[in-house]
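To keep things clear, I will list the structure first and then write my remarks on it.
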Amino acid sequence: MFNETQMVDFFHVHVVPWMMRIGVALTIFVIGQLVAKVISGVIAKLLSHTKLDKILIDFLSSVVRALLLVVVIVAALDKLGVNTNSLIAMLGAAGIAIGLALQSSLQNFAAGFMLLIFRPFKAGDFVETAGTSGIIDSIGIFSTKLYTGDNKEVIIPNGSIYSSNIINYSSRKTRRIDMIFGVSYGDDIRLAKDIILKVISDEERVLKDPAPEVAVGELAQSSVNFVVRPWVKAEDYWAVKFAINEKIKLAFDENKITIPFPTVVNIKKEQ
C-alpha cells in the first residue's frame, strides 16, 4: 500500500505532468480548430472575389481546413508523447493505398478541378463532349450532369470529358447555319437563288451582319447544289433552320423549282 508521501510523490511525478500534457494537447486542438476555421474562411472570402466557381471555392476551402486539422491533430498527439513520425508514415502509406484503390476517382477529381478552373463551359451551355450532346445542368468535382434535347439526364465522369474534345455551342453569341439545297439541272438556277435570298431576307431572325451567303456550291450528279449560310443568334439556331427549310420548300413548289430525289428503278428479269 502507498503511504501519503508516496501518493503525493506519485501525483507530482506522474499525474501532474500528464494532466499538463493533456491540457496543452486539448488547448492546441481547440485553438487549432478555430484557427483552421478562420484561415479557411479567409481563403474562401478572398477566392469569392475571383472568377472561380463556387463549387471549387468551397472545395478548396474544405481542403485547406482539412489539412490544417491534420497538422493540429499531429501537434496535439506529439504533446501527448505519441510517436508522430510513425503516425505520419502510416498516414502516408494509407494515402498511397487509397490513391491506388481510387485511381479512376482521383482522375475524375483532377479533371473536375481543371474544368472548374479553366471553365470551358458553364451551367446552361449547350455542349457536345464524350460522345454526348446536351445542356449543362451542373459541374461537380467527380462528374458533370447534363440533359439532352429530349430531357434525358446524363451524368458523365469528368475524366471522360477532359480527355475528349469539347464543343461549346453557347460560348459565342452568334452561329452560322450551314444548309444545302439542290435543284434540278433543268430549272432556272438564277430564279432558285433569288427565291432563297428572298426567304432569308424575309426572316427577321437572320442577322444582316455578317451577311448571309448563297452560292452554287457543287454541280452534283443529279442536282445543282446551293450552299446557304445565314447567321443567327445562338439561341435562334434551330428555330430559324427549321423555318428556312420549310419556307424554301414551299417557295420552290410555288415557282415550280424541282428538288431532285433518288429514284428506284425496278428491273424485272425475263422468265
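Quick notes
- For K145 and E235, a Förster radius of 30 Å and the Cβ-Cβ distance give a FRET efficiency of 0.90, rounded to the nearest 0.05.
- Neighbour counting of Cβ atoms within 10 Å sorts the residues T144, T50, fewest neighbours leading, into T50, T144.
- Compared with the direct C-alpha span, the chain from E153 to M20 gains 42.1 nm at full extension, assuming 0.36 nm per residue.
- Using a simple spin-label model with pseudo-atoms 7 Å out from Cα toward Cβ, R176 and R119 lie 2.8 nm apart.
- Calculated FRET efficiency, Y185 to A243, Cβ-Cβ distance, R0 = 25 Å: about 0.35 to the nearest 0.05.
- Taking the average, over residues, of other Cβ atoms within 10 Å as the packing measure, peptides 203-209, 25-31 rank 25-31, 203-209 from highest down.
- In straight-distance terms, cross-link reach from K208 covers every one of the aspartates and glutamates whose alpha-carbon lies under 15 Å from its own, apart from those fewer than eight places away in the same chain; here that gives D236.
- Residue exposure sequence - I22, I244 - by fewest surrounding Cβ within 10 Å: I22, I244
Each reported figure results from applying straightforward, stated rules to the coordinates on display, with no laboratory input. A quick note: this is a predicted structure, and the numbers were derived from the prediction, not measured. Cβ atoms come from the backbone with ideal geometry, glycine included; neighbour counts cover every protein chain shown.
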